[in-house]
Amino acid sequence: MIPLTLAEVAEATGGTLADTSDPTIRVTGPVVHDSRLVTPGALFVAVAGEHVDGHDYAARAVAESGAAAVLASRPVGVPAVVVDDVLDALARLAHAVTERLTDTTVVALTGSTGKTSTKDLIAQVLRTKGRTEYTEGSFNNEIGFPLTALKAQQDTEFLVLEMGARGKGHIAELCAITPPRIGLVINVGTAHLGEFGSREGIAQAKGEMVESLTAEGVAVLNGDDPLVRAMASRTVARVVYFGEAEDADVRAADVRLDAAGRASFTLSTRSGSAPVALQLYGEHHVANALAAAAVATECGMDVADIAAALGTAGSLSKWRMELTERSDGVTVINDAYNANPDSMRAALRALAAIGGRGPQGRRTWAVLGEMRELGEESFAEHDAVGRLAVRLNIAQLVAVGGREAACMELGARNEGSWGEESVLVPDADSAIELLREQVRPGDVVLVKASRSVGLEKVAAALLAEPLSAGEASS
């Protein structure tokens, strides 16, 4: 964070000083809400959670870890700025600090799926041009968003912020904290249907991004998604499209996949074209790369430099299409961080591409858990995922969980799965036991589910297994 005195922090947050008579104490380190991350000069934000109250760790953060002060809702016995609402004060502080970033381009992005992967690509491309701060992982809520903004320094050229939405008005609130100059909407899908009721409701919420832009800003929109394209009428900013549409400003031509499921294509912009070979797995990353290229173009990068940066970019966030090959040739694709119908379809297509087709193809496993927050569409969407697995010739489907997982497995059977090509198991431990018995050298195993299902446990168990049972018994 830009160094501030406690007096300046108090002014920005509307707070008062407690347990100190020195308003000139300077916060020179990061702003953190986890006491384990406190370093000398930091500002520790005491968040009162459901199970843990940060105020209980405040004294230790200052006395033992060297924090300059605490942002708290009550006096804590060490230098503190006391406020009525800690999260509201954190947002106010982020707003005040980013207002001082006169030479920083703020990029904000949202979408139903692919937000984190796209954000990672944007960050990796832009940091080849200048100092870039960005959201780590999916730290995109009312805590993570301002904490990310507060990482910026005076010499930060680009601040890349991912925005999630729990409901109507949430993205507007985040944009008010740190107004973006470039606002990107990746897509409108079916994630969180249970909260928003319809894709149109999701689009209404996501479109708050472009409504926040000024006439000097740029709205980067997916030209292939009708609900996103329609957002052009909701902004006064200049509009840039990416996608396959003929009028797209940033497009991909000659898309092809290699044997590992990695895409290469020709990146075309209004100023020229260049070849790109992605290191990420799955054709769905082409759209993510186009979105990143569109943002980078608006940040002043030329097409050759963008293409080169995209070609070396990897995943900065865990459990997102992490591909690891065991010593016995089993390939594990850990995509267990989260799931919705759109990302499930993309992951299954990537699995099919990596496994290959025909007599030389590898046996593919889809270990899929339930997708949460889909509301009334939940059973139909799980059924559709099971059917798609069969249409893509995925060899083995392991559905993990309760009623929704049962719908997925039944969808596969109704589509033509037979025998033990699809199976329903109740939990991760049961899936692990089955896989240890049946996975053979050379198999490709995809693991994916909503975050709360916790299927990363399955991927970890597979990667800890040096020898498959199938090989041991042969």
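The values are calculated or read from the model by the stated rules, or taken from the named source; none is laboratory data. On a predicted model such as this, the values are computed, not experimentally measured, just so you know. Here the Cβ positions follow ideal geometry from the backbone for every residue, glycine too, while neighbour counts run over all protein chains shown.
Tell me, which residue of segment 271-324 that is acidic (Asp, Glu) and modelled with pLDDT of 95 or more is farthest from the chain's Cα centre (by Cα)? Walk me through it before giving the result.
Our first condition is that a residue be acidic (Asp, Glu); within segment 271-324, this holds for 283, 298, 302, 305, 322.
Retained after the next criterion (residues that are modelled with pLDDT of 95 or more): 298, 302, 305.
Values: Glu298: 22, Asp302: 26, Asp305: 24 Å.
It comes out as Asp302.
Check Ala352, Ala293, Ala304, Ala336 and return the single one that is assigned to a helix (DSSP H, G or I), among the small types (Gly, Ala, Ser) and crowded, with 24+ Cβ neighbours inside 10 Å. Lay out the reasoning, then the answer.
Working: Ala352 fails: crowded, with 24+ Cβ neighbours inside 10 Å; Ala304 fails: crowded, with 24+ Cβ neighbours inside 10 Å; Ala336 fails: assigned to a helix (DSSP H, G or I).
Ala293 is the lone residue from the list that is assigned to a helix (DSSP H, G or I), among the small types (Gly, Ala, Ser) and crowded, with 24+ Cβ neighbours inside 10 Å.
Which of the residues belonging to segment 1-59 are without any contact (Cβ under 8 Å) to a residue 12 or more places away in the chain and aliphatic (A, V, I, L, M)?
Once the filter is applied, which keeps residues that are without any contact (Cβ under 8 Å) to a residue 12 or more places away in the chain and aliphatic (A, V, I, L, M), segment 1-59 yields Leu37, Val52.
Just a yes or no: is a residue in segment 90-97 surrounded by 17 or more Cβ atoms within 10 Å (Cβ to Cβ) and under 14 Å from Ala48 (Cα atoms)?
yes
For segment 148-174, give me each residue that is closer than 24 Å to Ser450 by Cβ and buried (at least 21 other Cβ atoms within 10 Å of the Cβ).
Thr148, Leu161, Glu162, Met163, Gly164, Ala165, Ile171, Leu174, listed by residue number.
Which of the residues that make up segment 59-80 are more than 15 Å from Pro146 (Cβ to Cβ) and part of a strand (DSSP E or B)? Give the derivation first.
From segment 59-80, those more than 15 Å from Pro146 (Cβ to Cβ) are 59-70, 72-80; that's our starting set.
Within segment 59-80, Ala69, Val70, Ala72, Ala80 meet the criteria.
Can you list the strands (runs of 3 or more DSSP E) lying wholly within segment 374-474 that have 1 or more residues being under 25 Å from the mean Cα position of the chain (by Cα) and closer than 22 Å to Ala352 by Cβ?
On the way: elements: 396-400, 422-425, 444-448.
Result: 396-400, 444-448.
Which of the residues that make up segment 152-177 are in contact with a His (Cβ under 9 Å, 6 or more places away or on another chain) and either of a type in the set (A, V, I, L, M) or modelled with pLDDT of 95 or more (or both)?
Met163, Ala165, Ala176, Ile177
Taking the criterion of being surrounded by fewer than 20 Cβ atoms within 10 Å (Cβ to Cβ), in a strand (DSSP E or B) and not aromatic (Phe, Trp, Tyr), would at least one residue in segment 243-253 satisfy it?
Of the residues in segment 243-253, the ones surrounded by fewer than 20 Cβ atoms within 10 Å (Cβ to Cβ) are 244-247, 253.
Adding the requirement that they be in a strand (DSSP E or B) leaves 253.
Those still in the list that are not aromatic (Phe, Trp, Tyr) too: 253.
Yes, segment 243-253 has at least one match.
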